[in-house]
Amino acid sequence: MKAPVRVAVTGAAGQIGYSLLFRIASGDMLGKDQPVILQLLEITPALEAVGGVVMELEDCAFPLLAGVTISDKAEEAFKDADYAMLVGARPRGPGMERKDLLEANAAIFSAQGKALNDAASRDVRVLVVGNPANTNALIAQKNAPDINPGQFTAMTRLDHNRALAQLAGKVGVHTTDITRMTIWGNHSATQYPDISHTLIKGEAAAGKVDRGWYENEFISTVQQRGAAIIKARGASSAASAASSAIDHMRTWALGTADGDWTSMGIPSDGSYGITEGLIYSFPVTCKNGQYEIVQGLEVDSFSREKMQATENELVGERDAVKHLLP
Ligand code: NAX
């Protein structure tokens, strides 16, 4: 058996946490031969609730769960962490403007970035799920100067999986028949789910669906899926978000399949003309624990416009918190 790795999870008493922790502990994320120690962070008023979740984790008697700690101090929860999943965030309250939301979260993610810098493993892989995920990841990254900036990522895998599901449903295939889906940009309603390079059983997806459906239904359905779930369920997506967070980390650690890629929010290196430094979702391949942007994809004028709209939104978010960045 391998030595255990440390996985820090913030917002552990929340609804995503309630699904995520059990999937990590069962080995879905890092493999059935990889023991894990969970290091849970919550705000002080939620510590009792998280204690209840820990009782349930114990009661599952997971063979791979090598330990669980709980804390309301980020430095403790992030101590020597190999993986950090930043799920906890401030939700938008009544009367709160987007700017207020960005600022409230900037405070949380600045502090957590500093704590990661001070306490986590130098190789820590960070996934930000809490919204606004891309900009929160940027803030955490800027506050962690001693950690490689490329180790800070934001989750667009749920959008990627949603896009797979919509396309599979339309064409009447399984999601596993589809490869090379791409989500560009922000995890928000401006994201651009792009099927220009997608394959279905090895053949171009664009040739199998009507262009009108793609432009007028598919894109907006994927963009608005989160809102549709809130409307139907009365609560935001949780199990699917947790499942996608598992997928994101597993793919990053264990790799993409030959000939396929995934979508991850990562610091732009200027590829495809996207402003350098923004945490922008790109198509990436992963191997040996490293990701690489897929290069050389043709971008037509329709795609360029959509990629730019979501880039503009991210520039606006970055500018709104600029005064809070170190
Ligand atoms: P919940 O409100 O159920 O849980 C959030 C938990 O975070 C709470 O228990 C809260 O006490 C805790 N928390 C708040 N501030 C904290 C801090 N400073 N340190 C540690 N813990 C803190 O929300 P949930 O449904 O679990 O969603 C969590 C976040 O994921 C939200 O920001 C949500 O918007 C975001 N999402 C992101 C998605 C993505 O694809 N990137 C999709 C799903 C989800 O909407």
Test residue 246 against the criterion of being within 14 Å of the ligand (Cβ to nearest atom), crowded, with 19+ Cβ neighbours inside 10 Å and not small (Gly, Ala, Ser), and give yes or no.
yes
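Mind checking which residues of segment 31-74 are part of a strand (DSSP E or B) and closer than 18 Å to residue 89 by Cα?
39, 40, 41, 70, 71
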So which residues in segment 164-187 are more than 21 Å from residue 295 (Cα to Cα), within 16 Å of the ligand (Cβ to nearest atom) and of a type in the set (Gly, Ala, Ser), if there are any at all?
165
All but one of (1) closer than 15 Å to residue 116 by Cβ; (2) out of contact with any Ser or Thr (no Cβ under 7 Å at 6 or more places or on another chain); (3) surrounded by 13 or more Cβ atoms within 10 Å (Cβ to Cβ) hold for residue 77; which doesn't?
(2)
Counted residues, segment 1-16 - those being near the ligand (Cβ under 10 Å from one of its atoms), more than 12 Å from residue 85 (Cβ to Cβ) and out of contact with any Asp or Glu (no Cβ under 6 Å at 6 or more places or on another chain)
1
Mind telling me which of the residues 3, 61 ends up being surrounded by fewer than 22 Cβ atoms within 10 Å (Cβ to Cβ), modelled with pLDDT of 95 or more and on the phi > 0 side of the Ramachandran plot?
61
Please name all residue pairs, on different chains or six or more residues apart, with Cβ atoms under 6 Å, provided the first residue is in segment 248-266 and is at positive phi and the second residue is not in a loop (DSSP other than H, G, I, E, B).
255/286; 255/287
Considering only segment 250-285, how many residues are more than 15 Å from the chain's Cα centre (by Cα) and either in a strand (DSSP E or B) or at pLDDT below 95 (or both)?
1
In segment 99-118, the residues that are within 13 Å of the ligand (Cβ to nearest atom) and touching a residue at least 60 places away in the same chain (Cβ under 8 Å)
102, 106, 107, 110, 112
Result of the Cβ filter at 6 Å on segment 222-241, keeping first residues that are over 15 Å from residue 131 (Cα atoms) and outside any helix (DSSP H, G or I) and partners that are away from the ligand (no atom under 12 Å from the Cβ) and modelled with pLDDT under 95, at least 6 apart or interchain, is none
Looking only at segment 200-243, how many residues end up being loosely packed, with under 12 Cβ neighbours inside 10 Å, within 16 Å of the ligand (Cβ to nearest atom) and of a type in the set (D, E, K, R)?
2
Could you check segment 27-58 and list, in sequence order, the residues that are at positive phi and either among the β-branched types (Val, Ile, Thr) or crowded, with 17+ Cβ neighbours inside 10 Å (or both)?
27
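Is it the case, given these coordinates, that residue 154 is near the ligand (Cβ under 9 Å from one of its atoms) and surrounded by fewer than 22 Cβ atoms within 10 Å (Cβ to Cβ)?
no
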From the options 217, 317, 305, residue that is under 23 Å from residue 142 (Cβ atoms), charged (D, E, K, R) and either at pLDDT 95 or above or in a helix (DSSP H, G or I) (or both)
317
Quickly run through segment 95-143 and pick out the residues that are part of a helix (DSSP H, G or I) and small (Gly, Ala, Ser).
104, 106, 107, 110, 111, 113, 115, 119, 133, 137, 140
Filter result for residue 76 (more than 10 Å from the ligand (Cβ to nearest atom), over 19 Å from residue 252 (Cα atoms) and of a type in the set (D, E, K, R)):
yes
Here are the criteria: (1) surrounded by fewer than 20 Cβ atoms within 10 Å (Cβ to Cβ); (2) in contact (Cβ under 8 Å) with a residue 40 or more places away in the chain; (3) on the phi > 0 side of the Ramachandran plot. Tell me which single one residue 123 does not satisfy.
(3)
Say we look at segment 80-116 and pick out the residues that are acidic (Asp, Glu) and under 21 Å from residue 12 (Cβ atoms); which of these is surrounded by the most Cβ atoms within 10 Å (Cβ to Cβ)?
82
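The values are calculated or read from the model by the stated rules, or taken from the named source; none is laboratory data. Just so it is clear, the model here is predicted, and its values are computed rather than measured. With ideal geometry, Cβ positions are generated from the backbone for all residues, glycine too; neighbour counts draw on all protein chains shown.
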